[in-house]
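A short write-up of the structure that comes next.
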Amino acid sequence: MDSQRGHLFTIQLQKADSFPLMQSARKKQLTLVRPSEEGALKITAWRYSIGDLGVPDNVTASMRPGGIQTPDGKMRQGLFVASPAGTPFDDMVLFLAFEEIPWLNEAKDSQLLFLGAFDTHEQALDHSRDTEFIAFAYPCSDFEQLKQRIGSIDFTGNSLPP
């Protein structure tokens with residue numbers, strides 16, 4: 001993770017009202033209010049060095065949305081999240097971009113998709129080299145069929161390397 005820069009993960013969510021809500025709000029909780037529920041929500045996380053972003057020294061912490069131009073040239077709105085000074089990774093920032101996207105399926109039912117990649121951009125695009133990623137989809141209509149088709153390389157507690 002130390003060398004990871006740029007895109008970290010993407011979450012696509014549809015019909016969020018079918019997932020349980022928090023029972024009580026916390027004092028420093030930030031709530032995302034969507035303008036409409038027409039379509040799905042895409043949350044993309046980008047990880048950058050604060051120095052690479054050219055952040056001025058006089059920037060203060062706030063809980064207001066900001067913006068960034070990502071390497072694909074697109075201006076994105078979202079939130080910057082950083083560790084407090086003096087803690088691990090305090091030189092890094094996580095940018096969470098939010099955007100509404102079309103429905104993920106015709107039924108417009110509950111969907112959750114998580115895609116994460118942890119290799120460098122160069123390695124991920126080099127088809128002669130292995131790359132690593134994680135994917136999660138909910139719901140899975142036939143788990144046994146999926147398991148037979150793609151198998152699993154999940155580690156269990158007893159199979160982790162020493």
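The values are calculated or read from the model by the stated rules, or taken from the named source; none is laboratory data. Computed from a prediction, not measured in an experiment: that's the story for all the values here. Using ideal geometry, Cβ is built from the backbone for each residue, glycine included, and neighbour counts are taken over all protein chains shown.
The table below lists the values:
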item	result
Conditions (1) loosely packed, with under 14 Cβ neighbours inside 10 Å; (2) without any contact (Cβ under 8 Å) to a residue 24 or more places away in the chain; number of the one not met by Phe80	(1)
Positions within segment 122-162 being at pLDDT 70 or above, farther than 20 Å from Leu104 by Cβ and in a loop (DSSP other than H, G, I, E, B), in sequence order	Asp126, His127, Ser128, Arg129, Asp130, Thr131, Glu132
Strands (runs of 3 or more DSSP E) wholly inside segment 1-93 that include at least 1 residues being at pLDDT below 70	66-69
Residues located in segment 108-121, provided they are of a type outside the set (Gly, Ala, Ser), surrounded by 13 or more Cβ atoms within 10 Å (Cβ to Cβ) and not in a helix (DSSP H, G or I)	Lys108, Gln111, Leu112, Leu113, Phe114, Leu115, Phe118, Asp119, Thr120
